[in-house]
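Here the structure is laid out as structure tokens; the discussion comes afterwards.
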Amino acid sequence: MSGKDKVYFISGGGTGGHIYPAFTIVDKLLKEEDTLKIYFIGNPNNLEYDIAKNYPQVEFLPVDITGMPRKLTFSLLVWGIKLLKAYFKACSYIKKYKPNAVFTTGGYVSAPIVLAAGTLKIPYMIHDCDSVPGLVSKIAAPKAKIVSAAFENAKNVLKSENIIFNGNPVRDVFFTLTKTQAREKLNIPQDKLVIFAMGGSQGAKTINDAMLKILKPLSQNINAYVILQTGKKKFDEVINELKQEYPDFETNPDIMVRPYFDEMVYPLKSADIVIARAGSLSLTEILQCHLPSILVPYPYAAQDHQRKNAKEMCERGTSLYLEDSECNDNSLYKLITGIVNDKDKLNSMRESAKNCAKTNPAEQIVKQLKSIIE
């Protein structure tokens with residue numbers, strides 16, 4: 001067959017760590033000459049539906065499924081019935097639209113379509129985004145044609161004869177945008193050392209609290225340009241506290257405080273050092289920008305995966321580890337200045353991050369996905 005003849009089902013949802021990598025693959029598939037149609041299977045009440053609305057070429061197929069209750073209660077029985085209904089719905093989608101292959105990035109949303117694909121003998125590939133694979137990935141891995149892993153530790157958990165360490169897929173802009181272009185976009189001086197502290201879209205209170213007390217000394221004592229991304233819900237609180245801590249901060253040209261960046265690639269590409277949580281997507285983007293990092297893992301993440309993600313990065317020499325309970329202005333300031341004042345350490349961490357970054361994971365994943373089509 002030739003021309004546009006390939007139909008794909010893509011799924012992955014519940015959290016941004018599953019959703020954004022899935023849509024990165026959607027972006028890549030849309031550019032493939034033989035792609036006829038892409039369907040995204042997800043929960044219409046979740047973030048994946050909002051993102052899918054930005055893709056007129058992609059048809060959203062809804063499934064009513066939520067996260068599995070972890071205790072043996074009546075709600076688990078209700079959830080089981082809901083999963084069964086979602087499974088039959090997914091089977092009906094396969095019979096109607098006849099996909100050539102299914103690709104998922106995990107999360108509970110992808111469970112119905114993975115189970116349906118296994119039953120109806122549709123080849124599928126899964127990608128697990130974390131160092132601690134989720135339940136759906138564990139169940140789906142044995143029958144998957146290819147299992148893609150973002151972290152090497154996942155190989156110890158996922159049972160598959162064909163597991164490939166790809167890293168997480170990121171958008172092409174992470175490979176094309178230069179530091180000069182990024183700084184021009186944000187009006188950041190080209191000759192400054194740039195420190196970027198972020199806590200994701202929700203922000204990280206621990207990081208915010210520590211950073212707002214050291215914005216002034218970082219900008220003045222080590223002549224750094226400092227970016228603090230507070231999270232949308234925490235922005236007003238941080239600004240109010242910052243006005244008390246440093247009333248003149250708005251007149252300091254070397255401080256930028258934002259609730260969120262719609263395009264995170266700009267502050268990341270502008271930065272020389274980053275302070276962040278240790279979610280899988282954040283770590284992937286940090287590595288692709290070849291950034292030394294100080295990681296403050298969220299202590300209540302599912303299966304404690306952020307701590308494990310962070311420790312793997314530290315073992316590779318890209319990052320320094322700071323426990324959330326120990327993250328304060330003094331400890332964070334010492335770690336930052338310690339890196340800044342040790343050029344060999346800074347360069348070593350940067351080189352390690354560069355070595356850990358994969359060459360265009362999305363491109364590799366799409367090649368692998370196309371290879372499973374029979």
Exercise. Are there any pairs with C-beta distances below 7 angstrom linking a residue in the stretch 356-374 that is within 15 Å of THR104 (Cα to Cα) to a residue that is hydroxyl-bearing (Ser, Thr, Tyr) and part of a helix (DSSP H, G or I), with the two at least 6 apart or on different chains, and if so which?
Worked result: ALA362/THR24
Exercise. Quick one: would you say PRO112 is touching a residue at least 60 places away in the same chain (Cβ under 8 Å), under 22 Å from LYS367 (Cβ atoms) and surrounded by 13 or more Cβ atoms within 10 Å (Cβ to Cβ)?
Worked result: no
Seminar exercise, completed: Taking the stretch 338-370 and keeping only residues that are among the β-branched types (Val, Ile, Thr) and surrounded by fewer than 17 Cβ atoms within 10 Å (Cβ to Cβ), one is left with THR359
Exercise. For the stretch 303-320, what are the residues that are more than 20 Å from ALA357 (Cα to Cα) and either within 15 Å of the chain's Cα centre (by Cα) or among the charged types (D, E, K, R) (or both)?
Worked result: ASP304
Exercise. Can you find even one residue in the stretch 307-325 that is aliphatic (A, V, I, L, M), surrounded by 15 or more Cβ atoms within 10 Å (Cβ to Cβ) and farther than 25 Å from GLY107 by Cβ?
Worked result: yes
Problem set entry | So VAL132, is it surrounded by fewer than 19 Cβ atoms within 10 Å (Cβ to Cβ), among the hydrophobic types (A, V, I, L, M, F, W, C) and at pLDDT below 90 | no
Exercise. Which condition number does THR35 fail, the rest of (1) over 23 Å from LEU115 (Cα atoms); (2) out of contact with any strand residue (DSSP E or B) (no Cβ under 6 Å at 6 or more places or on another chain); (3) among the β-branched types (Val, Ile, Thr) being met?
Worked result: (2)
Exercise. In this structure, is SER331 small (Gly, Ala, Ser) and either under 17 Å from the mean Cα position of the chain (by Cα) or surrounded by 17 or more Cβ atoms within 10 Å (Cβ to Cβ) (or both)?
Worked result: no
For this session: Name, by its number, the condition in (1) surrounded by fewer than 18 Cβ atoms within 10 Å (Cβ to Cβ); (2) assigned to a helix (DSSP H, G or I); (3) modelled with pLDDT of 95 or more; (4) not charged (D, E, K, R) that does not hold for GLN244.
Result: (3)
Exercise. What are the residues in the stretch 210-220 that are over 20 Å from GLN306 (Cα atoms) and touching a residue at least 60 places away in the same chain (Cβ under 8 Å), if any?
Worked result: MET211, LYS213, ILE214, PRO217, LEU218
Exercise. Any residue at all in the stretch 174-192 that is at pLDDT below 95, exposed (fewer than 15 other Cβ atoms within 10 Å of the Cβ) and within 24 Å of ALA278 (Cα to Cα)?
Worked result: yes
Exercise. Since ASN54 meets every condition but one in (1) modelled with pLDDT of 90 or more; (2) surrounded by 13 or more Cβ atoms within 10 Å (Cβ to Cβ); (3) under 22 Å from LEU281 (Cβ atoms), which condition does it not meet?
Worked result: (2)
Problem set entry | Scope the stretch 95-138; condition among the aliphatic types (A, V, I, L, M) and more than 28 Å from the chain's Cα centre (by Cα); matching residues | LEU120
Exercise. Is it fair to say ASN347 is free of Cβ contacts under 8 Å to residues at least 24 places away in the same chain, assigned by TED's automatic domain parsing to the domain that holds LEU228 and of a type outside the set (Asp, Glu)?
Worked result: yes
Problem set entry | Condition check for ASN223: at pLDDT below 95 and in the same structural domain as SER137 (by TED's automatic domain parsing) | no
Problem set entry | Enumeration of residues in the stretch 32-67 that are within 22 Å of the chain's Cα centre (by Cα), assigned to a loop (DSSP other than H, G, I, E, B) and of a type outside the set (Val, Ile, Thr) | ASN43, PRO44, ASN45, ASN46, LYS53, ASN54, TYR55, GLY67
For this session: Give the stretch 210-230 a look and list any residue that's under 27 Å from the mean Cα position of the chain (by Cα) and not in a strand (DSSP E or B), or say none.
Result: ALA210, MET211, LEU212, LEU215, THR230
Seminar exercise, completed: Per the filter on the stretch 81-127, residues in a helix (DSSP H, G or I) and aromatic (Phe, Trp, Tyr) are TYR87, PHE88, TYR93, TYR97, TYR108
Exercise. Right, GLU250: assigned to a helix (DSSP H, G or I), free of Cβ contacts under 8 Å to residues at least 60 places away in the same chain and under 24 Å from ALA182 (Cβ atoms) or not?
Worked result: yes
For this session: State all residues of the stretch 38-90 that are acidic (Asp, Glu) and either closer than 20 Å to GLY118 by Cα or in contact (Cβ under 8 Å) with a residue 12 or more places away in the chain (or both); if no residue qualifies, say none.
Result: GLU48, GLU59, ASP64
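The values are calculated or read from the model by the stated rules, or taken from the named source; none is laboratory data. Since this is a predicted model, take the numbers as computed values, not measurements. Because the Cβ atoms are built from the backbone with ideal geometry, glycine has one as well, and the counts that use them run over all protein chains shown.
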